Amino acid sequence: MAQTKKKQGQPAPSKIRIIAGQWRGRKLTVPNELGLRPTGDRLRETLFNWLAPYIEGARCLDAYAGTGALGLEALSRGAEQVQFIESNGRTASQLQNNLQLLQTNQANVAHGSCIDWLKSNSPQPYDLIFLDPPFAENLWQSTIDALCEHQLLRPNALIYIEMPRQHLLQTPSQWRNIKQKDSGQVSARLYEYDVHMTHNETI
């Protein structure tokens, strides 16, 4: 039987797997878009081990959602609500479809620029923020600045940052680095918004 030719520009979809929680082991279809780089299972498991004492009932922002792997894992493990923001229309649409498959009403998907969304919306502050933008676009600093400018962090909020290992950022004076893992060329950092801290840190 002849194989059906794939249409150019439409690579075959792939899957992500939810590691633990109510949807443990569930596999979800995600588009195979250029630059889409889901956090790997091993690093995701490390992250959620860090977050285990804090995730229940948390209000979360998945700022550059992509496949939604981080926000979906948070929901599966008991987060109260997740706001996803994704600039790629096809990826955002598939994420919305996956939320419908999971039959959850505890999440919302916004399609568009994360920084524009943060500037134009006035949501209540978040308990947990996932900040893992496309590495090629260098959006870490501008997003951090927007989060602080619009006061989108609750006291003791946690901020997860995933970035190239050699990348430097100027973190806000009240962010305390509480966890860190470097894997190959990727650096994963977990910060706590500590209102009592006053020093700046370059990472």
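Residues of segment 122-145 being at pLDDT 90 or above and farther than 23 Å from THR67 by Cα, which ones? Matches in segment 122-145: PRO125, ASP145.
Of the residues contained in segment 164-175, none is found to be without any contact (Cβ under 8 Å) to a residue 40 or more places away in the chain, under 20 Å from GLY71 (Cα atoms) and touching a strand residue (DSSP E or B) at 6+ places or on another chain (Cβ under 9 Å).
Conditions (1) touching a residue at least 40 places away in the same chain (Cβ under 8 Å); (2) more than 22 Å from ALA188 (Cβ to Cβ); (3) under 15 Å from the mean Cα position of the chain (by Cα), marked per residue:
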{"residue": "THR29", "(1), (2), (3)": "yes, yes, no"}
{"residue": "ARG44", "(1), (2), (3)": "no, no, yes"}
{"residue": "TYR54", "(1), (2), (3)": "yes, no, no"}
{"residue": "ARG59", "(1), (2), (3)": "yes, no, yes"}
{"residue": "GLY89", "(1), (2), (3)": "no, yes, no"}
{"residue": "CYS114", "(1), (2), (3)": "yes, no, yes"}
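Please go through segment 102-121 and pick out each residue that is under 18 Å from LEU70 (Cβ atoms) and part of a helix (DSSP H, G or I). The answer is CYS114, TRP117, LEU118.
Residues in segment 13-39 that are in contact with a helix residue (DSSP H, G or I) (Cβ under 6 Å, 6 or more places away or on another chain), surrounded by 14 or more Cβ atoms within 10 Å (Cβ to Cβ), in a loop (DSSP other than H, G, I, E, B) and at pLDDT 90 or above: ILE18, ILE19, GLY21, TRP23. Could you list, in sequence order, the residues of segment 148-160 that are out of contact with any Ser or Thr (no Cβ under 8 Å at 6 or more places or on another chain) and either basic (Lys, Arg) or free of Cβ contacts under 8 Å to residues at least 60 places away in the same chain (or both)? Correct list: CYS148, GLU149, GLN151, LEU153, ARG154, PRO155, ASN156, ALA157, ILE159. Scanning segment 148-161 turns up no residue that is more than 16 Å from GLN83 (Cβ to Cβ) and among the basic types (Lys, Arg).
When the residues of segment 50-87 are filtered to those that are outside any helix (DSSP H, G or I) and charged (D, E, K, R), the one that is nearest to THR143 (Cα to Cα) is ASP62.
Evaluation of ASN156 against the conditions (1) out of contact with any strand residue (DSSP E or B) (no Cβ under 8 Å at 6 or more places or on another chain); (2) exposed (fewer than 13 other Cβ atoms within 10 Å of the Cβ); (3) modelled with pLDDT of 90 or more shows that the sole unmet condition is (1).
The values are calculated or read from the model by the stated rules, or taken from the named source; none is laboratory data. Remember, predicted model here, so these are calculated numbers, not experimental data. Please note: Cβ atoms are built from the backbone with ideal geometry, for glycine as well, and neighbour counts cover all protein chains shown.
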